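Undergrad: A single structure is presented below for examination.
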Amino acid sequence: MSQKCVTLGLAPSFGFGDRTGLATAGHVAAMKRCGAGIEAIYPQQSIREMFRTQRTPPQVMEDACRGAEAAGWSGPIGADADHLKVNQDVDVTAAVGFTFFTIDPSDDVDQQADDYDEATLREKFASRRDDAPWYESYLGKSIKLDTGSVIELGEKACMRAAVKYGKAIRRALKLGDYIKQVNEQAGHDYEIELSVDETDQPTTLAEHYIIADQCFGGGMKLVSLAPRFIGDFEKGVDFKGDLAALELSLKDHAAVAEMLGPYKLSLHSGSDKVSMYKILASSTKGRFHVKTAGTSYLEALRVVARHDAAAFREIIDFSRARYQTDKATYHVSATLADAPEPSAVDGPTLEREYLEIWSEVPLGKGFTKPGRQILHCTFGSVLTDAKLGKIVIDCLRSHPDTYTEVLDDHFGRHLDALRSGM
């Protein structure tokens, strides 16, 4: 592995997660053709994804960097150690040269905080007061953003932030300190992203302000933050929600990031959200990070669909049987009833219903078929199945040009949409 990964700072960036180890040539093709002005992260994998695919941090790093070199990539490469929760996650990823460390304190977020009535909120706050030593320092503040919006840090807003995120902020600061310690001892440059997006309820501007302010106050080298934005960012399909409302919200969140940092706004579950990429890029004035992973696996299945139709049908049957179990940790709404039984439709219809076809999608929009979510969530079960995993990998190795071609087309559309807002 010849190329060393680097930090990318505040440059707009795009993360290409790869669950097979064979996608980088296609990622590079799309970046060469459509990615001018955007920096690439090729090694990107969460600890959860590595566990589900039975891959290791050295394998992820090696596959991506070798693939980029073989495809003729000469630009800088970032490396995202995604969704880190404990010190051991940092140890194993820092040791092999990851540079972009994504902290995920979601286990400590109170997912119900927005639903508490005042009495319950006060009761919860009283029991968690120690998790928010910062509470009084924000109480009563009023912050005017460049957009004209005003963040009022009243009693309820501060209490709710403390209940919802107090414990998570403590965990993030502690893990951030460990990331700093490990990298400084090794003499490595590094940067940190904080993910608070894996919640059902959006991150308010008050919560965003407090979280980021606490990170900087605690000495965290924060370069990117992923709030939970309004609307639905489900896995495998386009954004669901009011684009005009999202644009206004993104501008306010970007104003907070500019005021406190600056730092990038990060979009997780970023795959296939084509309809909102332009407003993400324009609202942040190009200070964004987009993270994708599952969509490259779905394009791998497209290769199988085109070269081994019977195997694709078998993978769908298998995925349908696994879906109820495997979807537990994912934000999806598809049910098995939303997609046809494979036995009931022909081959072309199977690809249309479970992967979709770009030529049939309106310009400026992304994929929306529920069948994509059934396949998306079950990647680990398929790739680690003795029979089906081998079929997928063998098919990709036998038809590398097809995989590169479909990934180039797929991600070119992502990158073009982002660049249209820059």
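The values are calculated or read from the model by the stated rules, or taken from the named source; none is laboratory data. What you see is a predicted model; the values in this text were computed from it and never measured. Positions of Cβ are generated from backbone atoms using ideal geometry, with glycine treated the same way; all protein chains shown enter the neighbour counts. Accessible surface areas use protein heavy atoms only, side chains included; no ligands, DNA or RNA. Shrake-Rupley method; radii C 1.70, N 1.55, O 1.52, S 1.80 Å.
Undergrad: With the structure loaded, tell me whether Ala79 is in contact with a Cys (Cβ under 7 Å, 6 or more places away or on another chain) and within 21 Å of His414 (Cα to Cα) or whether it fails that test.
TA: yes
Undergrad: Return the residues of segment 43-89 that are open to solvent by 10 Å² or more (accessible area, probe 1.4 Å) and within 15 Å of Val28 (Cα to Cα); say none if nothing qualifies.
TA: The answer is Asp63, Arg66, Gly67, Glu69, Ala70, Ala71, Gly72, Trp73, Ser74, Gly75, Pro76.
Undergrad: Please work out if Thr292 is within 30 Å of Ile38 (Cβ to Cβ), at pLDDT 95 or above and either within 24 Å of the chain's Cα centre (by Cα) or not hydroxyl-bearing (Ser, Thr, Tyr) (or both).
TA: Yes: the conditions hold for Thr292.
Undergrad: Also, quick follow-up: Just checking: which of the helices (runs of 4 or more DSSP H) contained wholly in segment 315-422 hold 3 or more residues that are open to solvent by less than 20 Å² (accessible area, probe 1.4 Å)?
TA: Answer list for segment 315-422: 371-377, 379-383, 388-398, 400-419.
Undergrad: Something else: Tell me, which strands (runs of 3 or more DSSP E) lie completely within segment 1-113 with 3 or more residues that are out of contact with any strand residue (DSSP E or B) (no Cβ under 9 Å at 6 or more places or on another chain) and at pLDDT 95 or above?
TA: none
Undergrad: Give the residue, chosen from Ser127, Ser106, that is open to solvent by 70 Å² or more (accessible area, probe 1.4 Å) and farther than 22 Å from Leu246 by Cα.
TA: Ser127
Undergrad: Also, quick follow-up: For Glu152, all conditions in the list (1) open to solvent by 30 Å² or more (accessible area, probe 1.4 Å); (2) without any contact (Cβ under 8 Å) to a residue 40 or more places away in the chain hold save one; what is the number of the exception?
TA: (2)
Undergrad: Let me ask something additional. Specify the residue that is nearest to Asp82 (Cα to Cα); the eligible residues are those in segment 28-58 that are aliphatic (A, V, I, L, M) and under 16 Å from the mean Cα position of the chain (by Cα).
TA: Within segment 28-58, the match that is nearest to Asp82 (Cα to Cα) is Ile47.
Undergrad: Please enumerate the residues belonging to segment 233-258 that are among the acidic types (Asp, Glu) and either modelled with pLDDT under 95 or more than 18 Å from the chain's Cα centre (by Cα) (or both).
TA: Passing the criteria: Asp242, Glu247, Asp252, Glu258.
Undergrad: Output the residues belonging to segment 161-179 that are buried (at least 24 other Cβ atoms within 10 Å of the Cβ) and of a type outside the set (Val, Ile, Thr).
TA: Those that are buried (at least 24 other Cβ atoms within 10 Å of the Cβ) and of a type outside the set (Val, Ile, Thr): Ala161, Ala162, Lys164, Tyr165, Gly166, Ala172.
Undergrad: Follow-up question, since we're still on this one. If we keep just the residues of segment 9-37 that are surrounded by fewer than 23 Cβ atoms within 10 Å (Cβ to Cβ) and hydrophobic (A, V, I, L, M, F, W, C), which is farthest from Leu301 (Cα to Cα)?
TA: Among those residues, the one meeting the criterion is Leu10.
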